[in-house]
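Undergrad: I have a structure here, written as structure tokens, and I will follow up with some questions on it.
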Amino acid sequence: MSIIMKFEYLPNEILMKCFQYLNATDVIYSFNQLNYRFSKLIRNSPLHLSCSQYQQSLFDIYKHMFIKSLTILNCKFDDLFELFQNLSMIKYFKIEHLYNNFMTVDQLNLLDITVEKFIINDSQIKRFEIIEFLLNQMTKLQVFSISSSQIHIIDAIRWQNLITHSLHHLHTFKFCFDSHIADKLKMNDKLTKCRQFQTTFWQQNQWFINYEIDEFRLLIFTTPYIRKE
């Protein structure tokens, strides 16, 4: 006797796993308002989106869906801000690759970003003030993870000031800064950069830092070593 299985009869756990292999745009077009169960499910599932495939007409859909979790594969910084303007209920946000552009913070509007967990697996943003401007608006942020190869991001004093003045709810901070252009710095300057991450501030927050340096490289990271999430 054969058993006929309909897609909608699958348990939520399997459906949510299936959604992770589809672009968020396709999931929304296919399942939003199909029925109450699917409409609720896609609002609470981790959705994946490529900004290169993002259509302007979808902004209103995202704005009114109250999506809480989203993963972006590739994103420019200006696209990221446009997304945040339209995702008023987002709590979990992950970016695989965040690319630099030539915008300045003067060109960006202030936002009230509701994200509580923010992950950047590969940041190509070259200027610290761009990251700083973004995080300054995440007043509810509790967990932040970032990997970057940009030498100007390795600045313990600016990170400490940013966290102290703006990120009052942050309890987990993971990072891996791996710069291969550090040959422009003298060895003493590299040591100074690293040791600034090992002051009382970092120890009191239980963010323990390790580093590796040589003539051509500066690697500094929180322990245990950060893994892509």
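Readers should treat all values here as calculations from the given coordinates under stated rules, not as data from a laboratory. Small disclaimer: the values here were computed from a predicted structure and weren't measured. Cβ atoms come from the backbone with ideal geometry, glycine included; neighbour counts cover every protein chain shown.
Undergrad: Once phi is turned into θ = phi - 60°, what whole-Hz ³J(HN,Hα) does the Karplus curve with 6.51, -1.76 and 1.60 give for every residue of the stretch 163-173, x standing for Gly and Pro?
TA: Per residue, the Karplus-derived 3J(HN,Hα) values read 5, 5, 8, 10, 10, 6, 9, 5, 10, 10, 10 Hz.
Undergrad: Another question about this same structure. List the lysines whose Cα lies under 24 Å from the Cα of Lys6, skipping any in the same chain that are fewer than 8 positions away.
TA: Excluding near neighbours in sequence, the set is Lys17, Lys40.
Undergrad: Quick one: net charge of Val143's neighbours, Cβ under 9 Å, K/R +1, D/E -1?
TA: Values: positive: Lys117, Lys174; negative: Glu116.
Around Val143, the surrounding residues sum to +1.
Undergrad: Which far-off residues, 5 or more places away or on another chain, put their amide H under 5 Å from the one on Ile95, with H placed in the peptide plane?
TA: For Ile95, the qualifying residues are Ile72, Ile119, Ile120, Asn121.
Undergrad: Sorted by average packing, counted as other Cβ atoms within 10 angstrom per residue and highest first, what order do 188-196, 130-138 take?
TA: Numbers: 188-196: 15.7, 130-138: 19.4.
In descending order of packing, they fall as 130-138, 188-196.
Undergrad: Another question about this same structure. How much net charge surrounds Phe31 when only other residues with a Cβ under 10 Å from its Cβ are counted (Lys, Arg +1; Asp, Glu -1)? Don't jump to the answer; show the numbers that get you there.
TA: Working: positive: Arg37; negative: Glu8, Asp26.
Overall, the nearby charge balance is -1.
Undergrad: Could you line up Tyr21, Tyr99 from fewest to most neighbouring Cβ atoms inside 10 Å? Before the final figure, lay out the partial values.
TA: Numbers: Tyr21 8, Tyr99 17.
With the fewest neighbours first, Tyr21, Tyr99 line up as Tyr21, Tyr99.
Undergrad: Here is a further query. Quick check on the exposure proxy: order Ser145, Ser179 from fewest to most C-beta atoms within 10 angstrom. Mind showing how you got there, number by number?
TA: Working: Ser145 20, Ser179 23.
Exposure proxy ranking, most exposed first: Ser145, Ser179.
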